[in-house]
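Okay, structure first, notes after.
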Amino acid sequence: MRNRKLWLLLMATVLTFSLVGCGLFGPEKEAGNSIDPPPDLSMIPILEQGDLVTNEGGTFTVSDIIELSVYFVDGNEMVVPMAIQIPKAEGIAKETLKYMTKGGPALTQIAGTNLVPVLPAGTQVLGMAINEGVARVNFSKEFLNYDTKAEERKMIEAVVWTLTEFPTIDSVQFMVEGQFLEAMPVGGTPLTEPVTRSMGINVEVSGQANISSPALTSQVTLYFQAVDSIGEMYFVPVTRVIPRNSNPLEAVVQETLKGPIHDFLFSATVPTTKINKLDKKGTTLHIDFDDKLTTYGPGSQGELSVMQSLLLGLTEGKDIEQVKITINGQVPVLADSPEAQPTMTRPQLINKVGL
């Protein structure tokens with residue numbers, strides 16, 4: 001029930017961040033730009049038994065489908081997760097890859113968005129075997145029909161991050177027409193070992209990081225927000241390379257507070273926010289901030305979005321399952337929502353097409 005409440009709250013926030021003209025978290029560029037009013041929460045489309053879902057011209061009941069996170073490329077050329085509906089099938093992980101193919105069945109759900117599938121048209125999954133956390137995927141030769149190093153990187157990231165959403169998969173091994181790939185043919189991405197999320201996603205480098213000496217760097221995965229073509233906000237993961245830091249949880253908090261590097265990503269954070277306390281007990285992390293957490297003030301939607309960004313970044317690994325955030329020792333009122341929990345858990349789905 002807690003997960004469902006947080007999911008509803010998260011989706012309500014994404015809806016509330018719909019905007020006209022410029023981003024809610026960026027400077028206004030034209031006079032007269034305004035923020036849309038909060039949505040009617042009763043209008044959030046939550047599927048219930050008996051609802052019908054159309055896919056590839058067929059009709060499925062709710063009991064026949066499952067919502068899963070699939071990674072696409074957005075209009076900013078970033079790899080992003082979106083929750084889409086997939087008919088239940090034996091071998092659902094293999095089935096999910098069909099929805100990542102250009103011209104595939106996902107097109108009916110992402111029509112009208114700025115999302116693009118990453119796998120070349122005609123790519124088929126000839127087979128998949130999962131053993132001890134490794135998904136060995138055998139693609140058809142069309143998998144190699146791409147042109148640039150950037151495309152190559154996005155393909156690998158999207159496949160790895162999509163498949164590792166499944167709890168039984170920790171890494172991916174790539175094959176084409178029954179042969180193991182040692183490296184991708186265009187950019188030379190090495191594939192001799194199964195690939196994990198440690199490869200990063202939408203990798204960016206902090207100005208202070210010395211990438212010529214990898215031993216002197218660390219990397220953290222952060223979540224910021226972007227605006228789609230119809231003005232709705234969604235979360236974007238980025239892996240930031242930073243100077244070596246022995247406390248990865250503190251690094252996630254610090255880098256989230258610094259905000260995004262790219263000007264097409266947004267955050268309501270205040271970089272000068274002070275961390276009063278950061279205390280980990282088991283799989284629960286308690287963070288206490290001063291009252292400068294957000295530019296939009298206590299109880300605002302901006303404050304809630306910052307907390308959600310922190311939650312997503314801190315729970316990206318397996319060490320943290322719950323995050324408790326307080327401000328000067330007090331549990332904040334989150335955007336006028338009495339159902340908000342002082343201790344938050346990661347939602348199963350982050351973004352959702354159509355909301």
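The values are calculated or read from the model by the stated rules, or taken from the named source; none is laboratory data. Just so it is clear, the model here is predicted, and its values are computed rather than measured. Counting neighbours? That spans all protein chains shown, and the Cβs are built from the backbone with ideal geometry, glycine included.
Here's a check for you: in the range 169-187, which residue that is in a loop (DSSP other than H, G, I, E, B) and in contact with a helix residue (DSSP H, G or I) (Cβ under 8 Å, 6 or more places away or on another chain) is surrounded by the most Cβ atoms within 10 Å (Cβ to Cβ)? Write out each step before concluding.
As a first pass, look at the range 169-187 and keep what is in a loop (DSSP other than H, G, I, E, B): 169-170, 177-178, 181-182, 184-187.
Those left that are additionally in contact with a helix residue (DSSP H, G or I) (Cβ under 8 Å, 6 or more places away or on another chain): 169, 177, 184-187.
Values: ILE169: 19, GLU177: 11, MET184: 21, PRO185: 11, VAL186: 15, GLY187: 14.
Applying the filter and picking the extreme gives MET184.
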**Message:** One residue is enough: does the range 139-152 have a residue meeting the conditions at pLDDT 95 or above, crowded, with 18+ Cβ neighbours inside 10 Å, β-branched (Val, Ile, Thr) and not assigned by TED's automatic domain parsing to the domain that holds GLY317?
**Reply:** no
**Message:** Filter the range 188-237 down to the residues that are assigned to a loop (DSSP other than H, G, I, E, B) and of a type in the set (D, E, K, R) and list them by number.
**Reply:** GLU193, ASP228, GLU232
**Candidate set from the range 297-324 (those that are assigned to a loop (DSSP other than H, G, I, E, B) and in contact with a Ser or Thr (Cβ under 9 Å, 6 or more places away or on another chain)); member that is modelled with the lowest pLDDT** = SER300
**Prompt:** Among the residues of the range 264-288, which ones are more than 18 Å from the chain's Cα centre (by Cα) and not in a strand (DSSP E or B)?
**Reply:** VAL270, PRO271, THR272, THR273, LYS274, GLY282, THR283
**Fill in**
Going through the range 191-209 in order, the residues found to be exposed (fewer than 14 other Cβ atoms within 10 Å of the Cβ) and either more than 24 Å from the chain's Cα centre (by Cα) or under 15 Å from ALA150 (Cβ atoms) (or both) are THR192, GLU193, GLN208
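Looking at this structure, is GLU232 within 19 Å of VAL323 (Cα to Cα) and not aliphatic (A, V, I, L, M)?
Here the answer is no, as GLU232 does not meet what is asked.
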**Given (1) closer than 30 Å to VAL116 by Cα; (2) among the hydrophobic types (A, V, I, L, M, F, W, C); (3) over 15 Å from the mean Cα position of the chain (by Cα); (4) surrounded by 20 or more Cβ atoms within 10 Å (Cβ to Cβ), number of the condition ILE230 does not satisfy** = (4)
